[in-house]
1. Using Cα atoms only, what is the angle between the long axis of helix 143-152 and the major principal axis of the chain, expressed in degrees (0 to 90) to the nearest 10?
2. Rounded to whole Hz and in sequence order, give me ³J(HN,Hα) for the range 125-135 from the Karplus expression 6.51 cos²θ - 1.76 cosθ + 1.60, θ = phi - 60°, writing x for Gly and Pro.
3. How long is the gain from ILE135 to GLN71 if the chain were fully straight, where each residue apart is worth 0.36 nm and the alpha carbon distance is subtracted?
4. Accessible area, 1.4 Å probe, largest first: how do THR6, THR68 sort?
5. Can you tell me which lysines have their Cα less than 16 Å from the Cα of LYS193? Leave out same-chain residues fewer than eight positions away.
6. Tell me, what ³J(HN,Hα) does each residue in the range 98-107 have, in order and in whole Hz, if you take phi through Karplus 6.51 cos²θ - 1.76 cosθ + 1.60 with θ = phi - 60° and put x for Gly and Pro?
7. If you average the C-alpha positions of the range 1-74 and of the range 140-163 separately, how far apart do those two centres end up, in angstrom?
8. Over the chain, what relative contact order in percent results from Cα pairs under 8 Å that are six or more residues apart?
Amino acid sequence: VMFLLTGMVVWKWFQATLNTGANSLMANAGLMNLVYLPKIVFPLTNIAVNTFKFLIVIFLFLIFLIFTDIQPSLTWMLLPVLILTQLLLIMSVTCLLAALTPFFPDLRAILDNILLMLFFLSGVFFDISQLPASIKGYLMLNPMAALITMYRKVLIKGLPPDWNQLMLVVLFSISVMLLAVWIFRHFDRVYPKIIH
């Protein structure tokens, strides 16, 4: 149960933020036409709201873990590192989707299907580390699969995260974020014209 709940709590933050954040510019079209704001503010506001909700949930989840057979460990002190890494990933992917959705409205229609596919490939229901190396290598290319595995290592097994993998997630997130920021800056004055 703890194995499954850890995966679900971590995944829900990612899924909920992407679902609402990708549509943040379209949802704020009226405000965008009334007053000038940097367009990246809209997805970032959405991310802040969902992150606040997640922090409450993860706090309650930690209290719940204390009352189970799982012993609190010093590795729990590394939890903020995982949270900040996941926040960076969520920010980068959400901002990129928000920047692209006004140009490709069909993204909204297929995002649910993409997230559903990623849900089953991220190891929420199974332990990726128990799979054969050939399959595990491909699944761990998914940043969320890597993060969910590391949350379980830290919270349930009392082990430190894989720092090399963590660094790869950070580098991927920074690259995607830089692309998203560039798109927002380049099309800043275009968005109000194409969003109605």
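1. Result, in degrees: 40.
2. Computed from phi, the couplings for the range 125-135 are 9, 9, 8, 4, 5, 8, 7, x, 4, 5, 7 Hz.
3. Numbers: separation 64, 0.36 × 64 = 23.04 nm, distance 3.12 nm.
Roughly 19.9 nm would be gained on extension.
4. Sorted by accessible area, descending: THR68, THR6.
5. List returned: LYS39.
6. Once θ is set to phi - 60°, the couplings for the range 98-107 become 4, 5, 8, 4, x, 8, 10, x, 5, 4 Hz.
7. 18
8. Details: 195 pairs, mean separation 69.4, N = 196.
Result for the chain is 35 percent.
The values are calculated or read from the model by the stated rules, or taken from the named source; none is laboratory data. Everything numeric here is computed off the predicted structure, so don't read it as measured data. Positions of Cβ are backbone-derived with ideal geometry, glycine not excepted, and every protein chain shown enters the neighbour counts. Just the protein is used for accessible areas: all its heavy atoms, side chains included, with ligands, DNA and RNA removed. Shrake-Rupley method; radii C 1.70, N 1.55, O 1.52, S 1.80 Å.
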